[in-house]
Ligand code: 13P
């Protein structure tokens with residue numbers, strides 16, 4: 001088994017999932033502003049180091065996605081952040097795109113940038129301890145979007161990135177995210193997500209990416225946040241599974257969902273239902289940012305020196321997500337702290 005397959009397996013095994021802590025400095029400022037904590041390098045490190053040294057890192061977290069600033073920081077014990085994560089048995093990862101910019105030729109859509117100089121940056125990240133990478137393509141959804149241009153340009157970039165990541169000895173997370181914003185129905189989300197994912201795999205094939213050494217990070221199939229449609233967790237799970245079984249090649253070892261703005265419990269409940277019904281060969285787990293960190297961030301903001309209390313809040317969330325990744329979660333467990 002090649003090294004890449006082993007890394008992917010290590011990240012995804014036994015109900016483990018991914019902690020997406022790769023918020024850019026701009027996004028992290030928004031998160032910290034929302035809880036009235038000043039966004040500076042020290043505070044960003046304190047919060048992240050708190051999470052990365054929590055008990056649940058060992059049992060629940062298979063990988064952590066870092067941002068450029070964080071992978072270069074040292075802990076209070078003067079260890080590198082990658083060392084801290086590796087010591088808990090998790091794999092350090094890194095976001096390598098440089099963000100989504102307006103797409104020429106489209107009024108409202110974006111293209112993710114960062115291919116120029118990527119080969120050199122990947123070498124640097126490998127030296128810093130990263131063994132997997134992330135690149136996120138974003139797709140607006142409406143009657144006219146995503147356009148063919150956005151679907152094709154983002155798939156092309158994702159595939160070129162994935163090929164370079166594998167060349168550098170790292171597992172690429174391929175993240176095509178169809179956004180939740182909008183009035184669209186779940187059926188529209190199903191159709192557009194299917195088209196987007198299918199196109200990504202066409203491009204990954206052209207770019208000779210070894211799918212066994214990749215992880216897909218998609219959105220779940222949900223109605224838009226401004227739609228009046230309400231669907232049950234069972235319907236979310238059925239539509240999500242159908243979409244993925246029809247469009248993801250079976251060589252892909254695992255699928256790690258983004259939370260995309262769902263509440264912590266919604267994201268957990270939906271993942272659980274997906275696993276209860278999962279009759280595919282794919283491991284289905286989480287790669288959550290907000291749905292793993294929201295409560296912990298809120299708790300921490302009240303007293304940024306309360307490390308232990310913050311870790312307990314995070315540990316609970318990570319445990320719930322890991323149960324959901326095995327189809328063993330139930331609402332009653334949410335109060336069993
Ligand atoms: P959310 O789970 O908050 O959507 O973040 C996951 C992520 O990494 C988005 O790129």
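Every number in this text was worked out from the coordinates using simple rules, so none of it is lab data. As the structure is a computational prediction, the values presented were derived from the model and not from experiment. Note: ideal-geometry Cβ built from the backbone for every residue, glycine included; neighbour counts use all protein chains shown.
Remarks
- Theoretical ellipticity at 222 nm over the chain - DSSP helices of four or more residues, -39500 (n - 2.57) apiece, nearest 500: -14500 deg cm²/dmol
- With one equal scatterer per alpha carbon and no solvent term, the Debye-computed log10 I(q)/I(0) for segment 12-126 at 0.22 1/Å reads -1.26.
- If you model the chain as an ellipsoid using its alpha carbon gyration tensor, with each semi-axis the square root of five times an eigenvalue, the axes come out at 28, 24, 20 Å, biggest first.
- Point-to-point label distance, residue 143-residue 113, nm (Cα→Cβ direction, 7 Å offset): 3.3 nm
- Antiparallel bridges, percent of DSSP beta bridges restricted to segment 1-139 (to nearest 5): 25 percent
- When peptides 228-238, 291-301, 211-221 are sorted by average Cβ neighbour count within 10 Å, with the highest value leading, the order is 211-221, 291-301, 228-238.
- Packing-based exposure ordering (other Cβ within 10 Å, fewest first) of 57, 28, 102: 102, 28, 57
- Sorting the Cα pairs of segment 183-223 by distance into bins of 10 Å, from 0 upward, gives 27, 43, 23, 7 percent per bin.
- Sorted from greatest to least, the principal axis extents spanned by the alpha carbons of segment 90-136 come out as 40, 23, 8 Å.
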